[in-house]
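**Q** Structure incoming, see below.
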Amino acid sequence: MRRRFRPNSLAAIGWSRPRVEERIRRHPSSLRVTVAMERSALRLVRNIAKRRARALLADPGQLEMIAPGLSCMAPGPMVTRLEALACRARSLRQGGDPVIGRIDAHNLSAALLVARWLRRAEFRLSHRREAA
């Protein structure tokens, strides 16, 4: 047998039933809209990073704005350096690089994407050389 909730006071009545905003938030259609908005935002961020990465590939000198000597590095060490910079940028205890200052997150993620693309291209090229 299921027991029915009986509030002892007027204050308990507000606790027993969620407010209108909460009921709307819990509604399945609201959940679908929320998920669609999150997916759309993620797609937008990915597109921004890819566009910025293509711009960095077109002009590698822009990588120097992120870290000195980055455009001259091999792809492997570049990925390692950028991941360290990303970790440092996320850390609340450490500030920006004293030489460069603060790095925008979209520039950092785009540079990391460029480094991974270059590393992948280098890997494919090395396999073609071995096959020939």
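**Q** Tell me the residue from Arg81, Arg54 that is free of Cβ contacts under 8 Å to residues at least 24 places away in the same chain, closer than 25 Å to Leu125 by Cβ, over 17 Å from the mean Cα position of the chain (by Cα) and buried (at least 18 other Cβ atoms within 10 Å of the Cβ), please.
**A** Arg81
**Q** Condition first: loosely packed, with under 13 Cβ neighbours inside 10 Å and more than 14 Å from Arg119 (Cβ to Cβ). Now tell me which residues in segment 57-78 satisfy that.
**A** Ala58, Asp59, Gly61, Pro68, Gly69, Cys72
**Q** Checking the structure you have, find out if any residue of segment 84-97 is in a helix (DSSP H, G or I), modelled with pLDDT of 80 or more and closer than 17 Å to Asp59 by Cα. Can you show your working first?
**A** Restricting attention to segment 84-97, the residues satisfying the condition of being in a helix (DSSP H, G or I) are 84-90.
Of the ones still in play, those that are also modelled with pLDDT of 80 or more are 84-88.
Those still in the list that are closer than 17 Å to Asp59 by Cα too: none.
No, that holds for no residue.
**Q** Those residues that are assigned to a loop (DSSP other than H, G, I, E, B) and modelled with pLDDT under 75, I need them from segment 98-132; list them, please.
**A** Pro98, Val99, Ile100, Arg102, Ile103, Ala132
The values are calculated or read from the model by the stated rules, or taken from the named source; none is laboratory data. None of the values given here were measured: they were computed from a predicted structure. Every residue, glycine as well, gets a Cβ built from its backbone with ideal geometry; the counts of neighbours run over all protein chains shown.
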